[in-house]
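Everything on this sheet refers to the single structure shown next.
Values quoted throughout were computed directly from the atomic coordinates according to the rules given, and no laboratory measurement underlies them. As the structure is a computational prediction, the values presented were derived from the model and not from experiment. Reconstructed Cβ throughout: ideal geometry from the backbone, glycine too, with neighbour counts over all protein chains shown.
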Ligand SMILES: [Mg+2]
């Protein structure tokens with residue numbers, strides 16, 4: 001079997017998402033995904049990845065992971081890494097379809113049938129423009145599963161609702177707006193009180209029955225992150241996440257050593273060497289590896305093993321797209337040291353179904369992967385035909401050279417060969 005084409009699919013309504021389909025000459029197609037900078041990722045996939053992959057055996061996943069890492073751009077979660085992460089997911093999907101096995105079996109089999117989830121309290125439009133992780137890109141709306149708005153305005157009520165659904169963990173980021181105001185260099189007593197208020201409301205409403213993760217989005221300097229951790233102690237949060245940037249490893253360690261709260265980090269870190277440094281020097285208590293930013297499932301499974309050797313669990317990151325969640329879930333049921341799986345209700349109960357079919361099954365407060373061969377998720381039928389969808393193909397699909405771009409591709413023509 002040979003790789004015959006690389007196809008990217010972007011949708012205007014979700015400008016950070018890139019889907020990639022790896023086509024083969026035997027008609028099996030694998031689906032991958034990454035998030036942020038979709039047009040740049042698309043350009044890299046067609047200019048650099050496609051020439052390297054077309055004609056190659058798609059089952060040589062580890063080899064392709066090494067080759068695509070390249071000479072530059074391999075150490076961080078930049079365009080090169082995000083692009084090869086998306087390819088890697090698609091190659092695992094192909095391996096699963098060829099072997100007739102769900103990806104979790106190819107990772108060594110399940111160590112658990114399902115894993116507990118926590119709800120990241122983002123809404124349906126969270127970080128849904130190209131401007132990145134910022135308060136201005138929160139996309140606040142009101143309505144069903146608009147959990148960021150609820151976390152701000154009625155956190156106790158939201159905690160009660162999540163518990164009634166069986167979800168026992170929730171992540172919020174009440175400090176972000178104050179970080180942006182000071183550049184992360186200080187927080188006033190008044191702002192500290194305002195940021196702590198939602199956590200106090202959650203405790204007042206549901207007591208200790210809800211695990212609260214406090215996301216800090218790498219916005220703070222070390223002294224201020226330590227102050228915040230100290231102020232949080234009395235509320236016993238489950239973890240603080242990314243209190244400082246993950247490349248400030250001694251800074252992370254200085255935060256971690258002064259608090260009894262677990263420090264989670266790693267979602268923006270790439271590669272095994274990146275995680276070795278984070279685990280060895282950063283003193284983290286959970287590795288939040290992202291399958292679509294770190295180098296793919298290939299890297300993430302190595303990271304899980306490496307974390308185990310450091311006595312640290314993995315808690316795969318997901319606040320991006322539906323294929324990422326599928327890939328995470330296969331890893332999370334296979335890795336013996338998986339702690340929790342991140343999820344977003346606004347995604348899995350909302351917009352994911354406008355883009356994809358299938359994916360993991362969420363039952364109350366736990367998630368399990370699809371048992372279908374591969375990742376168990378496909379693009380929604382007709383997605384390529386919609387207004388605002390941009391399809392670009394490099395290579396041959398079936399017997400047809402499909403190289404080129406189109407705002408639509410007729411599925412009937414396309415799928416006749418795929
Ligand atoms: Mg995070």
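Across region 105-375, C-alpha contacts under 8 Å between residues 6 or more apart give a mean separation that, scaled by the residue count, equals a relative contact order of 21 percent. Here the extension length gained between residue 160 and residue 233 equals 24.1 nm, from 0.36 nm per residue of separation less the Cα-Cα distance.
Antiparallel beta bridges, as assigned by DSSP with both residues in the chain, represent about 65 percent of the total such bridges.
Modelled this way, with points 7 Å down the Cα-to-C-beta line, the labels at residue 181 and residue 47 are 4.2 nm from one another. In plain terms, the C-alpha convex hull of region 105-375 casts an average shadow of 13.1 nm² when viewed from every direction. Taking every DSSP helix (H) stretch of at least 4 residues in the chain, weighting each as -39,500 (n - 2.57) and dividing the sum by the residue count yields a mean residue ellipticity at 222 nm of -10500 deg cm²/dmol. Residues 224, 394, arranged from fewest to most other Cβ atoms within 10 angstrom of their Cβ, appear as 394, 224.
Can you give the relative contact order of region 120-187 as a percent, counting alpha carbon pairs under 8 Å and 6+ residues apart?
So the answer I get is 28 percent.
What ranking do 141, 171, 97 get, fewest neighbouring Cβ atoms within 10 angstrom at the top? Don't jump to the answer; show the numbers that get you there.
Working: 141 14, 171 25, 97 20.
Final ranking by Cβ density, sparse to dense: 141, 97, 171.
As a proxy for reagent exposure, 298, 399 were ordered by neighbouring Cβ count within 10 angstrom, fewest first; the result is 399, 298.
Based on the mean of other Cβ atoms within 10 Å per residue, sort peptides 150-162, 264-276, 341-353 so the most packed one is first.
Working: 150-162: 20.1, 264-276: 23.5, 341-353: 21.9.
Taking the mean over residues of other Cβ atoms within 10 Å, the ranking is 264-276, 341-353, 150-162.
Which FRET efficiency value, to the nearest 0.05, do you get for residue 111 and residue 400 by plugging their Cβ-Cβ distance into 1/(1 + (r/R0)^6) with R0 = 56 Å? Don't jump to the answer; show the numbers that get you there.
Working: r = 44 Å, r/R0 = 0.78.
Once rounded, the FRET efficiency stands at 0.80.
The value of relative contact order for region 1-92, using C-alpha pairs under 8 Å at least six residues apart, is 34 percent. Sorting 185-196, 362-373 by average packing, meaning the other beta carbons within 10 Å per residue, from highest down gives 362-373, 185-196.
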